[in-house]
Amino acid sequence: MKNHFSTPNLILLIFVFAFILAFIQVGILTIAFEKLGLSTNSAISLLFASLIGSGINLPLFKISAEAPPEGTPVSPLRSLLKLPEIPFTGITTIAVNVGGCLIPVMFSFYLLNHSTLGLDDVIPAIAVVSLLSYLFSRPIHGLGIGMPMFVAPIIAALIAIILNSEQSAPLAYIGGTIGVLIGADLFRLKDIRHMGVPIASIGGAGTFDGIFITGIVAVLLA
């Protein structure tokens, strides 16, 4: 009997689903950006800048780190595509991802400068999301920092509505984006030494990283 789920067919199926999902996400992201006061063209431009930037990691510094423990699972996608493993030499490079971190952070400052939000709203929102992001996040050996996807967006949206219901959308984006960056990434840098990865990129999954997704979902909920 012929196997219709051979590796090439499975890879093709994955790309088809990814293509369909991309169209869905573009629509959802456009709605979210429009809630933030951006035109459709500006929203699409920001989205594509984030997509392009997701492939760019800017190295910051290097730290000594421990090797991954025996039996650490290999990424299923890496195994499926038969991609070579990046050798771990006891050094982890700390980098920052352009699309998954720098662009969302710069957009947060843009929103802060073009809204009526004050620091008395922004600082508490960031503080709450940072604390809970740290508490819910966990280091995963050989992979990175993991956290339940919808915890931070829900927290960011709720605190934004409580603090400033009239400006809840930009406050949710700023609080969610900066909060996850601080709580799940910066506060977790001390755990990087024990994860056994050759590179640890802040916002390293690019557009689909927790920082980016948190901001967008928080806006949709706010």
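Read-outs: derived from the displayed coordinates by stated rules, not from any lab. Here the structure is a predicted model, which is why all the values come from computation and not from measurement. Note: ideal-geometry Cβ built from the backbone for every residue, glycine included; neighbour counts use all protein chains shown.
Close amide-amide hydrogen proximity is noted between residue 202 and 95, 96, 97, each under 5 Å apart and 5 or more residues distant or on a separate chain (H modeled in the peptide plane; Pro and chain starts excluded).
Residues 173, 134, 110, arranged from fewest to most other Cβ atoms within 10 angstrom of their Cβ, appear as 110, 134, 173. In plain terms, the residue of 214, 30, 89, 177 with the fewest other Cβ atoms within 10 Å comes first and the most crowded comes last, giving 89, 30, 177, 214. Summarising the label geometry, the points placed 7 Å from Cα in the beta-carbon direction at residue 161 and residue 127 lie 2.3 nm from one another.
As a proxy for reagent exposure, 178, 211, 94 were ordered by neighbouring Cβ count within 10 angstrom, fewest first; the result is 94, 178, 211. Amide H contacts for residue 54 (H built 1.01 Å from N in the peptide plane; partners 5 or more residues away or on another chain; cut-off under 5 Å): 99, 207.
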